[in-house]
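Student: Below you will find the structure I want to go over with you.
Laboratory data are not the source of any read-out in this text; all were calculated from the coordinates shown. Since we're looking at a predicted model, the values are computed, not measured. Every residue, glycine as well, gets a Cβ built from its backbone with ideal geometry; the counts of neighbours run over all protein chains shown.
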Amino acid sequence: MRDTAYYNYYNIPYLYTPDTPKTPAWKEELKVVKDQVKSNNHDPESDMYKACEKLEDIYYAMGVKNRAKYTTVDQVYNALHEKYYHTAYYKQFSEQEVIAMHDNELQMTLFGCLSGGASFYDPHLKGEVRDVTEKQAHEYNRKTINMQLCNIFGNAGIDSAMLSKYNMTFSIDPYNYSLKVSGVDDAGLTAMLEKLLNKDNNARELFYHIMHSNRASISDNAKVKYHTLNSFVSVTGQDPRQYRQTESGLVNGRGENILDVYREALKTSDAVPAQFKGTAYNVFEENIKKLLAEGFYRIPDLNLSIGYKDGMLQDLSNADIMHNRFDQMA
């Protein structure tokens, strides 16, 4: 795999320009993690990723040459348009193929990598580039997470034979991602497992995996509630469960409205870039009002759980496990 990296070489407005070149997103997805939980693991042997590698290798030198030759983004656009749409050589290809080649070389020139994804109709690729099915992606991801958990436990000296005696459940709080282990009658082992799973963002990553695996059974209102209150946590640092629904909205024990608290904290928070703070508040306010209209106290929190037995995660019926926290009217 060629060592490509993203950079906004022509300082195109409104695009991310890091201080130094960064690994492109599609390569970040392929990083193999062995001793921590990663919620979404991708198979580096899939057709799509191999095609991306091949195309970056093909167009890398062209991009370097173009950047040395053209000093403005307009010059790049004009040169590539002339090359692909007004040169006799490219008339042998279909319109779809020409567009793909143009787009791939353009990305490699402007950013040094295929930052926005490859165009797979490129004739440099031989044969169909097949995407993995949802089932294949889930199976690979689950297998990899099982491996990660086994490594986490094994590296801590916890024997797999010892764990095989137990049918465990991992339950995770949706607002602080604190994980609890149940089903183990050894308090010392329980504490050790919880310590391991609550470090290195393991619990949070496992929560994301459970949520994705159960997305079909989670209501839209529950998803909106989760994302809205997590925005509140990230901006204010407060636990949203301190608030109760009243006729005036969500209010805490000091009589403060959740909208007022969020708006004030947003002014000095680094969680949201300055240019997006107005939009962030408007979205937060809209979601809070929508959820209050639905009955905030009736919408379940995503207190998600997953089983673990014989070195493998076991899906549970999280529709039965989710329970209300906003279950009181002030």
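Student: With a 10 Å cut-off between alpha carbons and a GNM built on the chain, which of 198, 230, 282 moves the most?
Tutor: So, out of 198, 230, 282, the one fluctuating most is 282.
Student: Please compute, over every Cα-Cα pair in the range 84-177, the percentage with a separation greater than 22 angstrom.
Tutor: Summing the P(r) tail past 22 Å for the range 84-177 gives 60 percent.
Student: Please list, ordered by chain and number, the residues whose modelled amide H lies under 5 Å from the amide H of residue 304; skip anything fewer than 5 residues away on the same chain.
Tutor: Result for residue 304 returns 172.
Student: Taking loop as defined by DSSP and a crowding limit of 15 other beta carbons within 10 Å, which trypsin sites (Lys or Arg not before Pro) in the range 141-217 fit?
Tutor: Filter output for the range 141-217: 165, 199.
Student: List, in order, the whole-Hz ³J(HN,Hα) value for each residue of the range 170-176 obtained from phi through the Karplus relation with A = 6.51, B = -1.76, C = 1.60 and θ = phi - 60°; use x for Gly and Pro.
Tutor: Taking θ as phi minus 60°, the curve returns 9, 10, 10, 6, x, 10, 10 Hz for the range 170-176.
Student: On C-alpha positions alone, give me the angle between the axis of helix 202-213 and the longest principal axis of the chain, in degrees, nearest 10.
Tutor: It works out to around 80 degrees.
Student: Can you pick out the pairs among 22/180; 135/289; 135/309; 38/180; 83/126; 31/83 whose Cα atoms lie more than 26 Å from each other?
Tutor: 22/180; 135/289; 31/83
Student: By its C-alpha gyration tensor, with a ≥ b ≥ c as the square roots of the eigenvalues, how is the range 60-123 shaped: rounded for a/c under 1.5, else prolate for a/b larger than b/c, else oblate?
Tutor: It is oblate, given that a/c is not under 1.5 and a/b is not larger than b/c.
Student: Further question on the same structure: Given axes a ≥ b ≥ c from the Cα gyration tensor, I'd like to know whether the range 11-62 is rounded (a/c under 1.5), prolate (a/b larger than b/c) or oblate.
Tutor: oblate
Student: Shifting gears a bit: Mind checking the angle between helix 73-85 and the chain's longest principal axis? C-alpha axes, 0 to 90 degrees, to the nearest 10.
Tutor: Approximately 60 degrees, to the nearest ten.
Student: Considering only 44, 273, 21, give the residue with the highest GNM mean-square fluctuation for the chain, with springs between Cα atoms whenever their separation is below 10 Å.
Tutor: 273
Student: Can you bin the chain into rounded, prolate or oblate? Criterion: square roots of the alpha carbon gyration tensor eigenvalues sorted a ≥ b ≥ c, rounded for a/c under 1.5, prolate for a/b above b/c, oblate for the rest.
Tutor: Since a/c reaches 1.5 but b/c is at least a/b, the shape of the chain is classed as oblate.
Student: Considering only 31, 267, 289, give the residue with the highest GNM mean-square fluctuation for the chain, with springs between Cα atoms whenever their separation is below 10 Å.
Tutor: Per the Cα network of the chain with a 10 Å cutoff, 267 tops the list.
Student: Per residue of the range 12-27, in order, report the coupling 6.51 cos²θ - 1.76 cosθ + 1.60 (Karplus, θ = phi - 60°) as ³J(HN,Hα) in whole Hz, putting x for Gly and Pro.
Tutor: Once rounded to whole Hz, the list reads 5, x, 6, 10, 5, 10, x, 5, 9, x, 10, 4, x, 4, 5, 7.
Student: Cα axis of helix 258-268 to longest principal axis of the chain: angle in degrees, 0 to 90, nearest 10?
Tutor: 50
Student: Write down Rg/Rh for the range 161-227, rounded to two decimals, with Rg from the C-alpha atoms and Rh from the Kirkwood relation over Cα pairs.
Tutor: With Rg and the Kirkwood Rh in hand, the quotient comes to 1.04.
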